[in-house]
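No value in this document is a laboratory result; all are computed from the given coordinates. Computed from a prediction, not measured in an experiment: that's the story for all the values here. Glycine gets a Cβ as well: all are built from the backbone with ideal geometry, and neighbour counts include every protein chain shown.
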């Protein structure tokens, strides 16, 4: 890559080191990166002496959920194969570092030329797959120079991205490092075609395959089932940020017949305590206390979900889901609740997520611009049972009509279907 690109990566690394002085999350990431090469060497000795059969890189936990169906399908087809899974963010590594006995999990070091050469030499992947937005120039060029088949899945492109700007020539060269690109929609394929990239297939979003599987397997969580029985209506607020709570809290307090499970996007002790105060400490309890044996008191209306890996199951008890992030950087996973056949409400910053507009068109999604919008939508879903049933069915149908991306990719790359 160019000197300018590498200077940018170096500056990013220095900024991360400064941020680590005050950010536990960044500090955790940097500590994990320091362990990467040692862990790779250990994994090579024990799991992949001839190199990894597949390397999948996902930035964080959300992108992992898009890569997961491919990993699981690959392992099902080749039970003796080895997989390397890398993360950039602690949100993914923290939750999935013990994902599968044949999956080695590491942090991906910063995209410097030296890191890229060393990482790929020591991992020796036979196939590499990047998920959605991962365009690391040095890693991709090193893979291409070593003739490693390299793919991106569930990718999505928009006109404003640097690849399509007059000054984006160097980044267009990054895209040419991919053996093939599997994109979510036809618009992405056309945009790539306009810059001379035609090794593209519209396969859809592998996340639909993942959430469809989740939606088939309800898990009984006794304390949540008990909450469900006592309420005439349950809201589950997933990946909630403080800006989201400003939107839905007044409505919850105005409707004592409604119970809620609130899953904050981050849930350190201070954040959980603040949520308990916001909703009322006398009617709110953290899930971790219930899991430790505390009984669900009769007056409890709100449960704060302060544990990883449960949210996708918790949606099964909901009458309505609110998915956070839409009053911040962008919405989180709206497909998970839709797979359970639940109307899904989210904020206005959803333009980068194709599924948000598509779910609205289908009748299962509702975008709100503020508190008043939310109150109108939520009250309608609360009181109009037939309308709620139609929205729920539309949400479920939206998911089932969009599965299949994993099978397309598996057949193309590895020569056999997901199943």
Over the stretch 219-399, what is the mean sequence separation of C-alpha contacts under 8 Å (at least six apart), divided by residue count, expressed as relative contact order in percent? 21
Work out how much length residue 292 to residue 41 would gain on full extension: take 0.36 nm times their residue separation and subtract the Cα-Cα distance, in nm to one decimal. 86.5 nm
Choice from 260, 243, 104 with maximal GNM fluctuation in the chain (Cα, 10 Å cutoff): 243
For the chain, what is the mean residue ellipticity at 222 nm derived from helices alone (per DSSP H run of n ≥ 4: -39500 (n - 2.57); sum divided by total residues; nearest 500 deg cm²/dmol)? -14500 deg cm²/dmol
Ordered by fewest other Cβ atoms within 10 Å, a rough proxy for footprinting exposure, 202, 234, 323 read 202, 234, 323
Sequence of 380, 112 once ranked by neighbouring C-beta atoms within 10 Å, starting from the fewest: 380, 112
Per the 1/(1 + (r/R0)^6) rule, R0 = 30 Å and r from the Cβ atoms of residue 308 and residue 50, FRET efficiency to 0.05 is 0.35
With everything on Cα atoms, drop me the angle between helix 269-279 and the longest principal axis of the chain, reported from 0 to 90° to the nearest 10. 30
Mean 1/r over all different Cα pairs, inverted: what Kirkwood radius does the stretch 219-399 give, in Å? 16.0
Alpha carbon centre of the stretch 93-114 versus the stretch 246-268: separation in Å? 34
Just check the stretch 81-213 against the gyration tensor rule for me: Cα atoms, a ≥ b ≥ c as the square roots of the eigenvalues, rounded for a/c under 1.5, and otherwise prolate or oblate depending on whether a/b exceeds b/c. oblate
In nm, to one decimal, how far is the modelled label at residue 24 from the one at residue 329, with both set 7 Å along Cα→Cβ? 1.8
Cβ density ranking, 10 Å radius, fewest first, applied to 93, 133, 315 yields 133, 93, 315
Relative contact order (percent) for the chain, with alpha-carbon contacts under 8 angstrom and 6 or more residues of separation? 13
